[in-house]
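> Structure provided below as structure tokens; questions to follow.
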Amino acid sequence: MDGSKSGALNRSQHRYFAEIDGLRAVAVLSVLIFHLKESFLPGGFLGVDVFFAISGFVVTQSIIDRKFASFGSFLSFFYARRLFRIFPLLGTVVVLTALAFVLFVPEAWLSRDIDRTGMAAILGLSNIVLSKGNDYFSPSASFNPFTHTWSLGVEEQFYLVFPFLMYFGVRFVRLRTAILIGLTLASLLVGLWWTQTQPLRAFYLLPPRFWELGAGMLLCLTADSWKPFLHHPGRANATVAVSALLLAVGLACPPLAGFPVPWAILPIAGTLGIIAGTLSRPDLSAAGLLRSRPALEVGRLSYSLYLWHWPVYVMMRWTVGLESWLDMAVAAGLTGLLSVLGYRWIEAPARDWQRRTGAGLRPIARAALAAGLVAVTAGTLFHYKPALTLSATGDLATWYPESENLRLPVGTCTVAEDKRDVAGVHLAVFAPEGCASPPDKGRLFVAGDSHTDHYARLLKRFAYETGREVRMYSLPGCGMVGFSSSEGSERCRDFESRLASDLQGALKPEDVMFLPTLRIRRFVNQWGDVGEAHAAQPASASPATINEARAEAVTGQLLKSGARIVFEAPTPVFKTVPFRCFDWFNRMNPLCRAGFSVPASELQERRAPVVAAMEAMVARFPRIGIWDPFPVLCPGPSCEAVRDGKPLFFDQDHLSGLGNDMLFPSFRAAITAEFAKNAAGEAGAPRNLARNADGRPPFSN
């Protein structure tokens with residue numbers, strides 16, 4: 001996806017083909033439009049596939065007519081050109097994007113892989129990092145300013161294979177072509193297979209993408225066969241017309257079949273047909289359009305445009321937003337400005353310098369040194385992000401509920417933490433060491449979705465102050481006894497059933513089981529969309545729509561152990577995401593318009609069906625209790641995510657570190673009371689939640 005110019009089409013020609021740059025303009029503009037707003041051009045992301053086909057063609061014809069004394073001289077020539085085409089501008093973009101990320105992006109689920117992706121991009125490995133769990137169309141990818149470097153990773157890995165295919169096939173041209181055809185077809189089959197079975201790997205990795213670059217190589221290597229045929233004006237026109245139609249359908253429509261295979265065949269075939277037709281007959285009108293001045297200017301800037309546009313778009317999403325027409329115009333203008341500056345000050349000078357110095361080990365060594373400096377600079381920025389950030393979330397103890405942010409007094413009493421994944425479930429064990437023995441036996445077990453993790457700081461403090469071991473099981477997106485009217489995903493049902501079965505064997509009669517889970521529907525997610533598939537029932541749900549049968553089945557299984565169970569009554573949810581709306585540079589984002597307050601009555605209505613279902617469970621099962629954090633978090637007529645300038649919530653429904661500290665006295669009292677009942681041998685008296693004057697239930701155990 002570099003911006004190098006086309007060289008010779010075959011051994012007898014040594015001129016620049018402007019049509020290639022015109023086709024690059026089509027590709028890059030498609031990508032830019034799609035990323036600006038997907039509905040503008042639903043298939044615009046296939047512009048990257050167009051780049052792959054162009055790159056396979058261009059890199060082949062740029063060296064096909066050259067003679068080399070040895071394989072070493074060929075490698076030094078090839079990699080010197082590639083490095084100085086790609087890395088100077090890439091390194092600049094990585095460092096400046098890393099700086100912007102460090103200054104303006106808070107640490108959160110949406111940003112957790114950004115630093116790893118950025119470091120991997122320096123080595124051409126970001127596609128591998130992304131293939132391990134970041135779907136290209138997912139929010140985490142949309143908010144990662146380095147996501148677009150995946151395509152450079154594919155190309156750079158292709159360049160590791162390319163010299164061997166080209167150099168050792170010089171004396172055996174037919175064998176080389178046959179091998180390349182075999183590899184291209186094999187890659188196409190792998191792409192078809194992985195698209196169905198491993199879609200992430202099919203999208204990001206070289207093996208299922210090689211066929212796109214290989215097709216471009218084959219077009220160049222077989223030029224002597226197709227060029228005479230297409231020299232006829234009628235054949236060339238027909239080829240270009242059909243090819244343009246294929247390309248247009250690919251770019252204008254969302255994939256109507258599996259992607260990348262077979263849907264990417266359309267833009268690849270269209271791209272290769274346009275190249276073949278316009279280069280065979282430069283007098284075609286289509287060739288004239290591709291050679292027009294606007295097309296050429298955009299084509300020459302294509303590499304710079306591609307590298308700059310995505311960080312600009314993403315950083316605007318993180319700060320002022322990218323929703324209005326004005327925002328989009330600013331994003332497009334800033335992208336254009338940075339692209340022109342990047343091309344004139346970095347890309348073109350680096351390319352000219354490489355031409356003057358030629359090949360050899362020296363320019364490669366200099367490029368390697370530059371890559372090392374970029375890696376050190378970016379790595380240093382990432383490492384010191386907590387100290388450098390301009391965001392208020394740099395105050396880790398206030399914002400983040402992780403257990404690491406709890407500062408325990410120095411002394412002989414400590415809490416050892418053991419965190420690991422067990423069969424796909426996150427397990428954290430907080431084990432007091434050197435502390436006074438608890439007054440009676442019993443451990444605290446905790447299980448649920450990410451709302452288990454947002455109590456980590458509180459739970460560690462509980463272990464420290466009571467001397468009890470705490471075992472915390474969580475799987476983000478999958479709760480325990482959510483009372484949802486929906487059965488949930490198969491993954492979540494399996495988690496709930498399997499964990500209930502395992503805990504039944506681990507729990508003892510002296511233990512207490514705490515079940516915190518998101519049990520009401522969100523207003524928004526971290527990225528601003530409404531609702532989530534795994535969230536609970538709609539706001540208008542009544543007790544009749546609650547899935548009581550499944551809740552009783554899972555709870556009954558846990559109760560067989562003899563342990564006591566404590567439900568967490570639903571906590572507030574908000575219409576704004578505090579960590580994305582707290583700072584001067586992001587509070588004007590459209591996501592933040594709703595503010596940090598929600599009427600308590602609105603939330604009480606939203607959670608009423610779940611509370612009623614919990615009360616019914618308490619009435620039937622005497623060893624079940626309820627802890628309700630709502631009165632502590634919402635003592636007045638409105639619920640506030642931010643109180644007195646401090647965040648009680650990190651995002652729209654997860655607590656902050658400060659929120660943990662505020663809830664701790666209530667939590668400790670409720671859970672300690674449950675342990676006391678165990679020690680006294682009480683079965684527990686069934687009762688409903690009491691009601692405050694405004695109808696809100698206080699905490700109950």
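The values are calculated or read from the model by the stated rules, or taken from the named source; none is laboratory data. Being a predicted model, the structure only gives us computed values, none of them experimental. Note that each Cβ is placed from the backbone with ideal geometry, even for glycine, and that neighbours are counted across all protein chains shown. SASA here: full protein model, heavy atoms, side chains in, ligands and nucleic acids out. Shrake-Rupley method; radii C 1.70, N 1.55, O 1.52, S 1.80 Å.
> Within segment 633-644, restricting attention to residues that are of a type outside the set (Gly, Ala, Ser) and in a strand (DSSP E or B), which residue is surrounded by the most Cβ atoms within 10 Å (Cβ to Cβ)?
Result: 639.
> State yes or no: is residue 292 of a type in the set (Ser, Thr, Tyr), touching a residue at least 24 places away in the same chain (Cβ under 8 Å) and touching a Phe, Trp or Tyr at 6+ places or on another chain (Cβ under 9 Å)?
no
> Could you pull out the residue among 623, 550, 587 that is open to solvent by 40 Å² or more (accessible area, probe 1.4 Å), among the charged types (D, E, K, R) and under 30 Å from residue 101 (Cβ atoms)?
Exactly one residue qualifies, and that residue is 587.
> Report every pair of residues separated by at least 6 positions or lying on different chains whose Cβ atoms are under 6 Å apart, first residue within segment 402-417 and among the small types (Gly, Ala, Ser), second open to solvent by 50 Å² or more (accessible area, probe 1.4 Å).
From residues that are among the small types (Gly, Ala, Ser), the pairs are 416/433.
> Considering each of 298, 314, 320, 330 in turn, give the residue that is of a type in the set (Val, Ile, Thr) and surrounded by fewer than 16 Cβ atoms within 10 Å (Cβ to Cβ).
So the residue among 298, 314, 320, 330 that is of a type in the set (Val, Ile, Thr) and surrounded by fewer than 16 Cβ atoms within 10 Å (Cβ to Cβ) is 330.
> Can you tell me which residue is modelled with the highest pLDDT among those in segment 401-414 that are over 27 Å from the mean Cα position of the chain (by Cα) and open to solvent by less than 30 Å² (accessible area, probe 1.4 Å)?
So, considering only residues that are over 27 Å from the mean Cα position of the chain (by Cα) and open to solvent by less than 30 Å² (accessible area, probe 1.4 Å), the one modelled with the highest pLDDT is 406.
> Given the conditions (1) part of a helix (DSSP H, G or I); (2) under 27 Å from the mean Cα position of the chain (by Cα); (3) among the small types (Gly, Ala, Ser), report the number of the one that residue 276 does not fulfil.
Just one mismatch for residue 276, condition (2).
> How do the pairs read when you match residues in segment 324-348 that are farther than 17 Å from residue 97 by Cβ and hydrophobic (A, V, I, L, M, F, W, C) with residues anywhere that are open to solvent by 50 Å² or more (accessible area, probe 1.4 Å) and not in a helix (DSSP H, G or I), using Cβ under 8 Å and keeping only pairs 6 or more apart or on different chains?
328/37
> What's the total number of residues in segment 146-181 that are of a type outside the set (Asp, Glu), within 30 Å of residue 318 (Cβ to Cβ) and in a helix (DSSP H, G or I)?
Going through segment 146-181 one residue at a time, the tally reaches 9.
> Still on this model: Test residue 213 against the stated conditions and say whether it is modelled with pLDDT of 95 or more, in a helix (DSSP H, G or I) and crowded, with 19+ Cβ neighbours inside 10 Å.
Working: modelled with pLDDT of 95 or more: yes; in a helix (DSSP H, G or I): yes; crowded, with 19+ Cβ neighbours inside 10 Å: yes.
Here the answer is yes, as residue 213 does meet what is asked.
> Suppose we filter segment 415-439 for residues that are open to solvent by 60 Å² or more (accessible area, probe 1.4 Å) and either assigned to a strand (DSSP E or B) or farther than 29 Å from residue 680 by Cα (or both); how many remain?
Adding up the residues that qualify gives 9.
> Counting only residues that are crowded, with 21+ Cβ neighbours inside 10 Å and hydroxyl-bearing (Ser, Thr, Tyr), how many does segment 553-574 have?
Within segment 553-574, residues that are crowded, with 21+ Cβ neighbours inside 10 Å and hydroxyl-bearing (Ser, Thr, Tyr) number 2.
> With open to solvent by 10 Å² or more (accessible area, probe 1.4 Å), at pLDDT 95 or above and over 17 Å from residue 452 (Cβ atoms) as the only criterion, which of 665, 647 stands out?
Answer to the check: 665.
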